[in-house]
Amino acid sequence: VLDAIARTTEEISDEMLCSILLLDADGVHLRHAAARNLPEDFVRAINGEPIGPKAGSCGTAAYRNERVIVADIASDPLWADYRALALQHGLRACWSTPIRSTQGRVLGTFALYYAEARSPDRDDLALIDRLTHLASIAIERRRAQQVLERERREFQTIIDTAPVMIAYKSSDDHFLAVNHAFVEFV
């Protein structure tokens, strides 16, 4: 889903490149989730970098939990540690917005990169807000699915290893599932 969001975003304009980063469980490092057209060397170099008060647009946005607009990477102090890398790959502007959970926690960042120095207009910001919200929904849904799947596996392990017979039957009295103790007894 995040790749589809990035791809669709880039189809809006040939001028922009999209990046979606996810914050690791440690709350400190950002990892690329979608960046289909950013230069691979750039993606590899910043993947796993820590967030912080001067960590480019994305690392700073995640650290502050607020939007960070860098209109000119060549002169912005937030990009001091990453400036040469970005400029080497023709990246001159980067606008990053935190992707937040429904509780306001940072899940990651949504960023747009440009080859020329520029600032967003009202329409750009509205688009970013909509896409960031969509990314938030997708991330939270996927994480909820992962929790449910983990809990289902744990529950199944408990059922399978229980020393008592357990059987699941349908309303018309057909066996749907049984545990190991049931099989051993029968």
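Key figures
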read-out	value
Mean accessible surface per residue for region 1-101, computed with a 1.4 Å probe while every protein chain stays in place, in Å²	46
Solvent-accessible area of ILE51 with every protein chain in place, 1.4 Å probe, in Å² to the nearest 10	40
Computed P(r) (all Cα pairs; region 7-87; 10 Å bins; percent)	18, 51, 30, 1
Computed [θ] at 222 nm, deg cm²/dmol, the chain (DSSP H ≥ 4; -39,500 (n - 2.57); rounded to nearest 500)	-13500 deg cm²/dmol
Which label in [x] -0.32, -0.64; [y] -0.49, -0.73; [z] -0.42, -0.78 gives the computed log10 I(q)/I(0) by the Debye sum over Cα atoms at q = 0.10, 0.14 Å⁻¹	[y]
Share of carbon and sulfur in the accessible heavy-atom surface of region 88-186 [1.4 Å probe, %]	56
Pair ASP14, ASP129: separation of 7 Å Cα→Cβ label points (nm)	3.1
Solvent-accessible area, 1.4 Å probe, carbon plus sulfur percent, for region 1-80	47
Part-to-part distance (alpha-carbon centres) for region 134-186 and region 61-131, which is given in Å	43
Full-stretch length increase - ALA74, ILE158 - with 0.36 nm per residue and alpha-carbon distance subtracted	24.5 nm
Interchain or long-range residues, amide H under 5 Å from ARG92's placed H	TYR114, ALA115, GLU116
C-alpha long axis of helix 122-161 to longest principal axis of the chain, angle in °	20
Using alpha-carbon coordinates, inclination of helix 2-12 to the longest axis of the chain, degrees	30
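The values are calculated or read from the model by the stated rules, or taken from the named source; none is laboratory data. This one's a predicted model, so the numbers in the text were calculated from it and none came from an experiment. Cβ sites come from the backbone with ideal geometry, for glycine too, and all protein chains shown count toward neighbours. Just the protein is used for accessible areas: all its heavy atoms, side chains included, with ligands, DNA and RNA removed. Shrake-Rupley method; radii C 1.70, N 1.55, O 1.52, S 1.80 Å.
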